[in-house]
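Worksheet: one structure, shown below.
The values are calculated or read from the model by the stated rules, or taken from the named source; none is laboratory data. Bear in mind the structure is a predicted one, so any value in this text is a computation, not a measurement. Using ideal geometry, Cβ is built from the backbone for each residue, glycine included, and neighbour counts are taken over all protein chains shown. Remember, those area values only see protein heavy atoms, side chains included, never the ligands or the DNA or RNA. Shrake-Rupley method; radii C 1.70, N 1.55, O 1.52, S 1.80 Å.
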Amino acid sequence: MDNLYELSISEASSLLKRKELSPVDLVASHLLRIQETDDHLNSFITVLSDTSKKNAAQAEKQILAGEWKGDLHGIPIGLKDLYYTKGIPTTVGSKIYKDFIPDFDATVVSKLSEAGAIIIGKLQMHEFALGTTSHNPHYGPARNPWNTECVTGGSSGGSASSVSAGQCMGALGSDTGGSIRIPSALCGIVGMKPTFGRVSRYGVFPLSSSLDTVGPMTRTVEDNAIMLNAISGHDINDSFSSEHHLSDYTSDIEKDISGIKIANPQTFFYDVIDEEVVWLMEKASEHFASLGANVDRIEVPILEHTLAISGTILLTEAAELHSENIRTKAELIGSDVKSRLQQGSLTSGVDYVKSQRARTVYNQKVNNLFKIYDILMAPTVATGAPPITDTSVEINGVQELIAPLMARLTRPQNITGLPTISLPIGFTSKGLPVSMQLTAPAFQEAKLYNVANQYEKVSTFKNIIPPI
Amino acid sequence: MPHNNELNPDTHTECISKLSIDAEQWAILEPLVKSASNSVKMLDQFLKVETESSAIFALGKV
């Protein structure tokens, strides 16, 4: 193969295991890809050229000596720049932390290293992960590989653009209100927000303690399952970490899905949405029907309250975490993020508690849906990626503000903490990716990978790297 | 029951100052804060059933 960066993780892993591919060559191909494309994309804040080359050489020695560690051994992976990396700058996309160098690795970074993955660099993000465009005033905007004049979505924008463009084979993002799923959707890749507590957050710079999750972003469903296998598990250092038993997330991906029941909630998810996205969602339903799944359109009126619940909780918890920054270093924070933190600082205790109470009721009602249905499906983002320079986008004749529109359909799943995967379903007439998201009951990520993988097989949207 | 989120710069000057909010920013923030609080107020109806059932549970305990 001419361009090794076009391989999926599973393809490369098979070759590496059989000693038919060198991790040194694989990493070199990705470093060259970064060199050739990052002036256009701005995906990376830090590229770890020397370290990744050194670690690739070490992986090559180990594999040749018969010490293959598993599917991620020798695979180049990127990290959103809020994962603590020992001795390596971790900016959180901010000016305040531009010189912050952690003295330990986040738990998931240690897990990736133990699995033999090669960390190739630290990736662009919306400042403090508090935004949906990755238009960063300190490090410049992350640019969408499908159209570099358009946003990547956020907050894990660099993670999405780097994976989409073949600069790395997979990346870690974080998702508090949609920050894995939104950029995955807009950049045409697969993003998983695991069940709250499934993956350790220790050493991941927080945003909202009761909503934050971390998860993988890849170009195929199987690759995503491979990465989640490596990073899942209980961690005593994360007080919200779950001891629920672990699954092998790749083991069920080939299972027949005929007979499964999928709910497609109409209220809220289709109220403010581009007609092209609606049409592609109808096609996705037809694909599921062709696989023998039953798709029902249902009404869940309670969804209309989710923005009030999630917005109040997210901004208030973010304001608490950044209370010192907002009081003493506000001038160093970008105007959009500063405004959100100040707004969160002004939330009353009454409103916060009311939102948490409503959250409990909402979660109960959503969990009741799973007594009837196996999966909930919904569009991930209501439109294709908008231009970086725009602040609003026209949806069916009405101008909608881009920042809230991006996260409108992803926030409900953070309230519940349920696992949700976003995967591509097609393109707009402007050639921009569109995705759907699938939600399952808690800790049923294996079911999501099964359903998503079967869908991916009948669609044509797998491991596509756009020309840049 | 009064809703205690009626924040304004006259009554909370010190608080606003600590949050590095100047008059220009307050002009942007005030409608956002009010709008967000109004959205939360709308949760009252949604929570009514839960509140009533909680009250029944408390009476039962007594």
Between A:D99 and B:L32, the two model label points (7 Å from Cα along the beta-carbon direction) sit apart by a distance in nm of 2.9 nm
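Return one whole number: the accessible area per residue of region A:198-321 in Å², for a 1.4 Å probe.
Roughly 39 Å² per residue, with all protein chains present.
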Post the alpha-carbon centroid distance, region A:55-94 to region A:309-366, in whole angstrom.
34 Å
Mind listing the long-range amide H neighbours of A:I118? Cut-off is under 5 Å, sequence gap 5 or more, other chains count too, H placed in the peptide plane at 1.01 Å from N.
A:G74, A:I75, A:I77
Give the calculated FRET efficiency between A:E282 and A:E36 to the nearest 0.05, with a Förster radius of 30 Å applied to their Cβ-Cβ distance.
0.20
27 Å Cα-Cα threshold exceeded, pairs from A:K98/A:K462; A:K53/A:K457; A:K365/A:K447; A:K283/A:K447
A:K98/A:K462; A:K53/A:K457
Which of the DSSP-defined H helices in chain A satisfy a minimum axial length of 30 Å, computed from C-alpha atoms, and a minimum mean Kyte-Doolittle hydropathy of -1.0?
A:349-369
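Excluding A:F268 itself, what net charge comes from residues whose Cβ is under 10 Å from its Cβ, given Lys and Arg +1 and Asp and Glu -1?
Residues near A:F268 contribute -2 overall.
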In whole Å, what is the distance between the alpha-carbon centres of region A:420-443 and region A:160-190?
12 Å
Would you jot down the residues in region A:357-393 that end up with at least 20 Å² less accessible area in the complete protein assembly than in the chain alone, with a 1.4 Å probe?
A:R357, A:A358, A:V361
Under a crude label model (7 Å from the Cα following the beta-carbon direction), how far is A:E20 from A:V353 in nanometres?
6.4 nm
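For region A:339-389, just say rounded, prolate or oblate: build the C-alpha gyration tensor, square-root its eigenvalues into a ≥ b ≥ c, call rounded for a/c under 1.5, and beyond that prolate if a/b exceeds b/c, oblate if not.
Because a/c hits 1.5 or more and a/b fails to exceed b/c, region A:339-389 counts as oblate.
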Please give the per residue accessible area of region A:395-468, computed with a probe of 1.4 Å over protein heavy atoms only, in Å².
32 Å²
What FRET efficiency would be calculated for the residue pair A:N3, A:V272, taking the C-beta separation as r and a Förster radius of 51 Å, to the nearest 0.05?
0.80
Sort A:Y455, A:Y270 by heavy-atom solvent-accessible area, probe 1.4 angstrom, most to least.
A:Y270, A:Y455
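Any chance you could run the full-extension gain for A:Q399 through A:I464? It's 0.36 nm times the residue separation minus the Cα-Cα distance, nm to one decimal.
20.3 nm
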Sticking with the crude label model, points 7 Å out along Cα→Cβ, report the distance from A:K69 to B:V49 in nm, one decimal please.
5.1 nm
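Accessible area of region A:179-324 with a 1.4 Å probe: how many percent of it is carbon plus sulfur?
On the way: 2530 of 5140 Å².
The nonpolar share, carbon plus sulfur, comes to 49 percent.
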If R0 is 56 Å, what FRET efficiency do you get for A:D248 and A:S323 from their C-beta distance, rounded to 0.05?
0.85
Percent accessible area from carbon and sulfur atoms, region A:385-468, protein chains only, probe 1.4 Å:
54 percent
Taking a 1.4 Å probe, which of A:T213, A:T389 shows the most accessible area, and what order do the others take after it?
A:T389, A:T213
Could you pull out every residue, at least 5 positions away or on a different chain, whose amide H is within less than 5 Å of the one on A:V295? Hs are placed 1.01 Å off N in the peptide plane, and Pro or chain starts have none.
A:I262
Do you know which residues of region A:322-345 lose at least 40 square angstrom of accessible area in the protein assembly compared with their chain on its own, with a 1.4 angstrom probe?
A:R327, A:Q342, A:Q343
Rounded to the nearest 20 debye, dipole of region A:136-288 from Cβ charges on Lys, Arg, Asp, Glu
320 debye
Once A and B are treated as a pair rather than alone, how much accessible area drops out, both sides summed, in Å² to 100, probe 1.4 Å?
2200 Å²
Ignoring any ligand, DNA or RNA, what whole percent of the accessible area of region A:1-120 comes from carbon and sulfur when the probe is 1.4 angstrom?
45 percent
